1. Answer yes if at least one residue in region 159-171 is surrounded by 19 or more Cβ atoms within 10 Å (Cβ to Cβ) and within 18 Å of the chain's Cα centre (by Cα), and no otherwise.
2. Quick test of your reading of the structure: E16 fulfils all but one of (1) in contact with a Gly (Cβ under 9 Å, 6 or more places away or on another chain); (2) crowded, with 22+ Cβ neighbours inside 10 Å. Name the failing condition by number.
3. Here's a check for you: in region 49-59, which residue that is modelled with pLDDT of 95 or more and either aliphatic (A, V, I, L, M) or more than 10 Å from the ligand (Cβ to nearest atom) (or both) is farthest from A153 (Cα to Cα)?
4. If a residue has to be under 22 Å from the mean Cα position of the chain (by Cα) and farther than 16 Å from S79 by Cα to count, how many in region 10-27 make the cut?
5. Working only within region 60-90, note down all residues that are under 21 Å from L32 (Cα atoms), away from the ligand (no atom under 16 Å from the Cβ) and of a type outside the set (K, R).
6. Do any helices (runs of 4 or more DSSP H) lying entirely in region 14-106 carry at least 1 residues that are among the β-branched types (V, I, T) and in contact (Cβ under 8 Å) with a residue 40 or more places away in the chain, and which ones are they?
7. Out of everything in region 163-199 that is acidic (D, E) and in a loop (DSSP other than H, G, I, E, B), what residue ends up being modelled with the lowest pLDDT?
Amino acid sequence: MVKIKRSFPAPESLKEEAKKANGKYDKQDVILRLKEDFHNKCYICEMTELQDPNVEHLYPHKNGKYMERKFDWENLFWSCGHCNRIKNNSKYDEGILDCCKQDPEECLRFDLNDDSVIIKVADNNDLIQKRTAELIIEAFTLNNTGMRTYTSAQRWKLLQEEMNVLYKQLEKIHNNPDSRMALRTIRSLLRRESAFAAFKRSYVREHAAEYPQLQKYVKLDTSVSNI
Ligand SMILES: [Zn+2]
């Protein structure tokens, strides 16, 4: 999960649809804007080029019980179906980090070992941080249905592949710190728009002593984008 710059003002249709009995929060203007703002990447698992994008409500509207949440532009997020369904569990009802308002990299550390992802939180008493970490871990590991076993494993495999691409480039920099080609590739791999960026950025940040020249690519974004 990385910081996302949400664009304003809100898509036009939301205001009109909110007045209707069966209004829709997923008209074309909303879809196009979310797709662009979120770089067509699931904000939870960070998989890119989504085949099954969903409009996800950060705070659930519970079938319209909370109408104000249903059409609130700042409550709409871009996720894959897999993550949307996992988050649709009452344990996440009280909310997770709002990556449009706070940089998740400020309080979460993204790591992985041979078997699983590891998300560490800065403050163990912060329930929002803890729920966010749990959700991201579930996106890569939950296997309580046959389909979910497959879709979680698929994300886990893609994450490992992407990390291997990064490790290879880092090795090149390690052997030749002036390799401009490797530097260019790494810079692109560390962009927030790229797949699984939070994991790659965390890794580079954790290895700051080895790669001081890369730290400028993994700076935090502490600006609040909702103006
Ligand atoms: Zn996802």
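The values are calculated or read from the model by the stated rules, or taken from the named source; none is laboratory data. Since the structure is predicted, the reported quantities are computational estimates derived from the model, not experimental observations. Every residue, glycine among them, receives a Cβ derived from its backbone with ideal geometry; neighbour counts consider all protein chains shown.
1. Yes, that holds for at least one residue.
2. (2)
3. Restricting to residues being modelled with pLDDT of 95 or more and either aliphatic (A, V, I, L, M) or more than 10 Å from the ligand (Cβ to nearest atom) (or both), the top hit is Y59.
4. Residues that pass the stated criteria total 2.
5. Scanning region 60-90 gives F71, D72, W73, E74, N75.
6. Passing ranges, in order: 28-37, 81-87.
7. That would be D178.
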